[in-house]
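Student: Shown below is the structure under consideration.
The values are calculated or read from the model by the stated rules, or taken from the named source; none is laboratory data. Just so we're clear, the structure is a prediction, and the values are computed from it rather than from any experiment. Positions of Cβ are generated from backbone atoms using ideal geometry, with glycine treated the same way; all protein chains shown enter the neighbour counts.
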Amino acid sequence: MNKILLIGPAWVGDMVMAQSLFKLLKERRPNAVLHVAAPAWTLPLLSRMPEVSAMTPLPFAHGRLDLQARYTIGKSLRATQFEQAIVLANSFKSALLPWFAKIPLRTGWSRELRCLILNDTRRLDKKRYPLMVQRYLALGLSPDEVLPSAYSHPELSSTLETQAAALEQVGLSRPTVPVLALCPGAEFGPSKRWPEEAYAEVARAKLAAGWQVWLFGSAKDQAVTQRIMALTGNACLDLAGRTRLDEAIDLLALATAVVSNDSGLMHVAAALKKPLIALYGSTSPDFTPPLAKQVSILKLALSCQPCFERDCPLKHHQCMRDLAPSTVLNTLGGLVAP
């Protein structure tokens, strides 16, 4: 039995995209046992990936070495007798766990002197692998192997039973009218966010058409969702900060369509195969696009974008402010029949 330890990324969207690698590994090695070590909050997401057999939560704070804790966890993993480790995270410290676990084959991209502790380091050719998902997939192949032209997209599982539990948790019944899910937050910073006024205009139009509008996000997004609530006369359902990640997955699975900034929830919606409008401003879909077919990406073509800054360096945020709600509504009409 081929046992593989994967050191997962720390962001929701990145972990969703990592499922394409998990699928590739299972396609190539059907008997492989995939064990993912990642931050504890990503485990509900991993639980919706049938390719993953086991998980180890990592308690390390962002930016901290926590050498003793990494050694303790790595040593505890030795008994599993992994044949290979694949390190998706890019830091030096993320490669320590497989080394402490004494895994014979330790694969990852060559950076931050990781050749000292990884013995299967690859030199990244960004032109050959322009997409993050391609960089993940390449680590599942031999160094000289060509990446397949077609690969499986992420696909998160959601069942009627888990959906019912999520609905009960927030006091809802299963919707009988179309639901528009809005994901107006962005962990990275305000430069990635479409204005609340624009989201509210889209929400009002769909509410007038008989839809329900649900607002998704973490507790950190509550100021944004509360502003949208105020602009719509509290006619939406504000779920920000009220759900665990697995519950958010199940509630998003009930949506008829999704409008989202470039965020982790955007990738979750894509992996649920929801009709999706993805709004890009300071970032670019050329590196981490939503991996699904029924997606419309909306972005302008300003000379200043993408800047990849947390806040607009020019202070006008024009890349998002000039994206018209009417454009989003027209695009939504093309994605979903009225």
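Student: For the range 283-317: of the residues being hydrophobic (A, V, I, L, M, F, W, C) and touching a residue at least 24 places away in the same chain (Cβ under 8 Å), which is nearest to Leu335 (Cα to Cα)? Walk me through it before giving the result.
Tutor: Looking only at the range 283-317, we keep the residues that are hydrophobic (A, V, I, L, M, F, W, C), and these are 287, 291-292, 295, 297-298, 300-302, 304, 307-308, 312, 314.
Those still in the list that are touching a residue at least 24 places away in the same chain (Cβ under 8 Å) too: 287, 291-292, 295, 298, 307-308, 312.
Numbers: Phe287: 23, Leu291: 16, Ala292: 13, Val295: 8, Leu298: 13, Cys307: 29, Phe308: 28, Cys312: 30 Å.
Here the residue is Val295.
Student: Does the range 105-132 hold any residues that are charged (D, E, K, R) and closer than 16 Å to Ser94 by Cβ, and which are they? Step through it out loud before you land on a result.
Tutor: Going through the range 105-132, the residues charged (D, E, K, R) turn out to be 106, 111-112, 114, 120, 122-123, 125-128.
Across the range 105-132, the qualifying residues are Arg106, Arg111, Glu112, Arg114, Asp120, Arg122.
Student: Anything in the range 1-14 that is more than 15 Å from Arg106 (Cβ to Cβ), of a type in the set (A, V, I, L, M, F, W, C) and in contact (Cβ under 8 Å) with a residue 60 or more places away in the chain? List them, or say none.
Tutor: Ala10, Trp11, Val12
Student: For the subset of the range 166-215 comprising residues that are crowded, with 18+ Cβ neighbours inside 10 Å and polar (S, T, N, Q), which member is nearest to Ser326 (Cα to Cα)?
Tutor: Gln212
Student: Next question. Just to be sure I understand the filter: pairs with C-beta atoms under 9 Å, separated by 6 or more residues or on different chains, first member in the range 241-261 and at positive phi, second member among the charged types (D, E, K, R) and in a helix (DSSP H, G or I). Which pairs pass?
Tutor: Taking only residues 6 or more apart or on different chains, the pairs are Gly241/Lys220; Gly241/Asp221.
Student: Across the range 1-34, what is the number of residues that are closer than 19 Å to Pro290 by Cβ and out of contact with any strand residue (DSSP E or B) (no Cβ under 9 Å at 6 or more places or on another chain)?
Tutor: Looking only at that region, the number is 9.
Student: Suppose we keep only residues that are charged (D, E, K, R) and assigned to a loop (DSSP other than H, G, I, E, B) within the range 279-335. Which one would you say is surrounded by the most Cβ atoms within 10 Å (Cβ to Cβ)?
Tutor: First pass over the range 279-335, keeping only residues charged (D, E, K, R): 286, 293, 299, 309-311, 315, 321-322.
Restricting the remaining residues to those that are assigned to a loop (DSSP other than H, G, I, E, B) gives 286, 293, 299, 309-311, 315, 322.
Details: Asp286: 10, Lys293: 9, Lys299: 18, Glu309: 16, Arg310: 13, Asp311: 12, Lys315: 7, Asp322: 12.
Checking each candidate, the answer is Lys299.
Student: Considering each of Ala95, Ala85, Ala138 in turn, give the residue that is buried (at least 17 other Cβ atoms within 10 Å of the Cβ), under 24 Å from Ser47 (Cα atoms) and without any contact (Cβ under 8 Å) to a residue 24 or more places away in the chain.
Tutor: Details: Ala95 fails: without any contact (Cβ under 8 Å) to a residue 24 or more places away in the chain; Ala85 fails: without any contact (Cβ under 8 Å) to a residue 24 or more places away in the chain.
After applying the criteria, what remains is Ala138.
For (1) at positive phi; (2) of a type in the set (Val, Ile, Thr); (3) not assigned by TED's automatic domain parsing to the domain that holds Pro9, each residue gets a yes or a no:
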site: Asn90; (1), (2), (3): no, no, no
site: Lys93; (1), (2), (3): no, no, no
site: Leu96; (1), (2), (3): no, no, no
site: Ile117; (1), (2), (3): no, yes, no
site: Leu124; (1), (2), (3): no, no, no
site: Val146; (1), (2), (3): no, yes, yes
site: Tyr151; (1), (2), (3): no, no, yes
site: Ala165; (1), (2), (3): no, no, yes
site: Val177; (1), (2), (3): no, yes, yes
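Student: Hey, among the residues in the range 21-76 that are touching a residue at least 60 places away in the same chain (Cβ under 8 Å) and among the basic types (Lys, Arg), which one's surrounded by the most Cβ atoms within 10 Å (Cβ to Cβ)?
Tutor: Arg48
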